[in-house]
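Here the structure comes first, spelled out in structure tokens, and everything after it is commentary.
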Amino acid sequence: MGLETAVTYARTHQADFLEELCHYLKIPSISTLSQHHPDVLQAAQWLQDSLRQIGLEHVQQIETAGNPVVYADWLHAGPDAPTVLVYGHYDVQPVEPLAAWTSPPFTPVVRDGRLYARGVSDNKAQHFSHLKALEAMLQTAGKLPVNVKICFDGEEEVGSPNLAPFVEANQTLLAADFVVVSDGAMHQPDQPTIDYALRGVVAIEIRVTGPNRDLHSGSYGGSVHNPAQAVAEIVAALHHPDGRVAIPGFYDDVDTLSPTERDLLQKVPYSLSQWQTETGAAAAWGEPAFTFFERMTARPTCEVNGIWGGFAGEGFKTIIPAEAGAKISMRLVENQDADKIAQQLTQFVGQLTPPTVTVEVTVQAGADAAVTPYDSAGIQAAFRAYEDGWEATPLLSRGGGSLPIVATFQKLLGAPFVLMPFGLDDNRHSPNEHYHLTHLEKGIVTAVYFYHHLASAVTENSFS
Ligand SMILES: [Zn+2]
């Protein structure tokens with residue numbers, strides 16, 4: 001049977017795969033540093049060569065206003081088979097502080113069953129695993145069970161500024177029934193997690209100005225509305241005392257969580273004591289009608305990221321500051337529109353601002369939340385793939401963070417996403433980034449199963 005020979009191929013070629021991956025990891029494709037631009041291009045070239053070798057077609061680098069997108073496809077599974085778009089990124093984070101690395105970041109080495117190199121977990125080994133799964137199937141069966149398109153980004157670590165315009169301009173080329181992304185991290189090596197939702201995010205800055213300079217509090221105190229106090233008053237009014245967000249209209253578009261979904265989230269083994277150990281906070285806080293895990297993942301939030309104003313140095317300086325400010329971010333859930341929420345907050349801050357001070361609100365670009373049905377054929381296929389390939393039953397959960405590219409793909413291509421991480425935290429973005437060799441094998445095998453299960457899940461059900 002084709003599936004078994006592909007799995008055997010994947011398991012018996014681990015040494016070759018590791019060697020090949022090390023070549024890729026030696027390329028210091030740091031996107032944020034211009035002196036590494038040639039390396040970023042070299043990584044794109046490496047991928048292009050590798051995709052050709054595997055047997056994918058239409059392999060090309062497509063220019064954007066920034067680094068190229070590497071594209072390839074294999075579309076011979078037939079019109080009834082689903083088409084999967086595989087997203088990954090070939091750029092990596094900078095390495096500083098270099099002294100904290102045990103071995104040089106671009107000289108991959110294996111220690112204690114882990115492969116150490118910058119970019120190994122985020123994201124080279126993870127998308128490489130999909131490529132090797134495709135290779136295993138093409139080498140053994142000469143075909144794939146599904147149609148596949150590859151879209152590898154060279155700017156993820158700088159916020160993918162050119163990806164949305166690229167997707168928008170190439171919707172036909174990228175059209176797919178599912179988008180699969182193996183990035184991010186699972187919490188435990190033996191407990192894979194499939195996140196079917198990610199929150200959106202909006203950030204704003206408010207700046208309150210009062211007198212034309214810092215004033216002597218003895219001379220003017222009692223006659224001037226202190227901007228620091230005004231910021232505190234505004235910030236304090238953003239929540240009700242019980243933790244609910246007080247911005248008018250904030251919850252208007254938020255769906256209620258179904259009992260089924262609440263049961264599902266209840267099963268995620270994340271305890272209050274683990275939360276306490278991680279955060280060191282005195283006690284959990286927030287909307288009383290929801291569990292703390294629901295508040296962390298399935299509910300929208302409003303957070304003060306920073307607040308400043310006046311004198312905070314050593315000793316005393318009795319002044320009324322001329323200005324004060326705060327940075328506020330909001331995590332959004334599905335159906336909430338980032339622009340609309342930013343507008344609601346701006347308006348509310350305006351209403352809260354007394355005539356005694358002036359306020360200026362700056363909105364930073366936001367991203368909408370992304371959610372996909374947890375019973376979609378794609379998620380089901382991933383679920384079965386982890387059971388067979390990882391030999392562990394995955395949990396379905398929501399992620400509290402944001403991955404704007406996922407929302408972009410979903411919005412522009414209308415394709416449900418499948419997030420299936422193969423890595424752990426693995427010191428991503430930190431010194432000594434690594435990847436477990438067992439995860440390399442398990443990830444490739446799991447990916448082989450994923451493509452097979454997706455083909456049958458879609459034939460059995462309809463696309464959902
Ligand atoms: Zn990253």
Practice task
Would you check if there is a residue in the range 447-459 being within 16 Å of the ligand (Cβ to nearest atom) and not acidic (Asp, Glu)?
Solution key: no
Problem - Options 215, 257, 198: the member that is out of contact with any Gly (no Cβ under 9 Å at 6 or more places or on another chain) and touching a residue at least 40 places away in the same chain (Cβ under 8 Å) - result: 257
Practice task
Kindly indicate the residue of the range 162-176 that is of a type outside the set (A, V, I, L, M, F, W, C) and open to solvent by less than 50 Å² (accessible area, probe 1.4 Å) and also nearest to the ligand (Cβ to nearest atom) among those meeting that condition.
Solution key: 162
Handout entry: Sole exception among (1) in contact with a helix residue (DSSP H, G or I) (Cβ under 6 Å, 6 or more places away or on another chain); (2) assigned to a helix (DSSP H, G or I); (3) hydrophobic (A, V, I, L, M, F, W, C) for residue 18, by number
Key = (1)
Fill in the blank from the handout: Checking 43, 10 in turn, the sole residue that is within 16 Å of the ligand (Cβ to nearest atom), part of a helix (DSSP H, G or I) and either closer than 20 Å to residue 443 by Cβ or out of contact with any Cys (no Cβ under 6 Å at 6 or more places or on another chain) (or both) turns out to be 43
Completion exercise
Only one of 313, 325 is assigned by TED's automatic domain parsing to the domain that holds residue 218, without any contact (Cβ under 8 Å) to a residue 40 or more places away in the chain and more than 30 Å from residue 178 (Cβ to Cβ), namely 313
Problem - Matching residues, the range 397-418, being open to solvent by 10 Å² or more (accessible area, probe 1.4 Å), over 16 Å from residue 333 (Cβ atoms) and touching a residue at least 60 places away in the same chain (Cβ under 8 Å) - result: 405, 408, 412, 413, 416
Handout entry: Conditions (1) closer than 28 Å to residue 191 by Cα; (2) touching a residue at least 12 places away in the same chain (Cβ under 8 Å): number failed by residue 320
Key = (1)
Handout entry: Only listed residue being open to solvent by 10 Å² or more (accessible area, probe 1.4 Å) and either closer than 15 Å to residue 172 by Cα or part of a loop (DSSP other than H, G, I, E, B) (or both), chosen from 72, 81
Key = 81
Handout entry: Test: residue in the range 377-399 that is within 15 Å of the ligand (Cβ to nearest atom) and touching a helix residue (DSSP H, G or I) at 6+ places or on another chain (Cβ under 6 Å)
Key = no
Practice task
Kindly provide the set of residues from the range 296-355 that are open to solvent by 30 Å² or more (accessible area, probe 1.4 Å) and among the aromatic types (Phe, Trp, Tyr), ordered by number.
Solution key: 308, 311, 316
Handout entry: From 102, 12, residue being hydroxyl-bearing (Ser, Thr, Tyr) and under 30 Å from residue 454 (Cβ atoms)
Key = 12
Practice task
For the range 70-91, name all the residues that are among the hydroxyl-bearing types (Ser, Thr, Tyr) and either more than 16 Å from the ligand (Cβ to nearest atom) or over 26 Å from residue 412 (Cβ atoms) (or both).
Solution key: 71, 83
Fill in the blank from the handout: By my count, strands (runs of 3 or more DSSP E) wholly in the range 368-438 with at least 1 residues that are within 19 Å of residue 198 (Cα to Cα) are 395-399, 417-419
Fill in the blank from the handout: Checked against (1) under 30 Å from residue 17 (Cα atoms); (2) in contact (Cβ under 8 Å) with a residue 12 or more places away in the chain; (3) acidic (Asp, Glu), residue 360 satisfies every condition except (1)
Handout entry: Of all residues making up the range 177-193, the number that are open to solvent by 20 Å² or more (accessible area, probe 1.4 Å) and within 20 Å of residue 68 (Cα to Cα)
Key = 1
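The values are calculated or read from the model by the stated rules, or taken from the named source; none is laboratory data. This is a predicted model, so every value here is computed, not measured. Ideal geometry is used to build each Cβ from the backbone, glycine not excepted, and the neighbour counts take in all protein chains shown. The accessibility values were calculated without ligands, DNA or RNA, using every heavy atom of the protein model including side chains. Shrake-Rupley method; radii C 1.70, N 1.55, O 1.52, S 1.80 Å.
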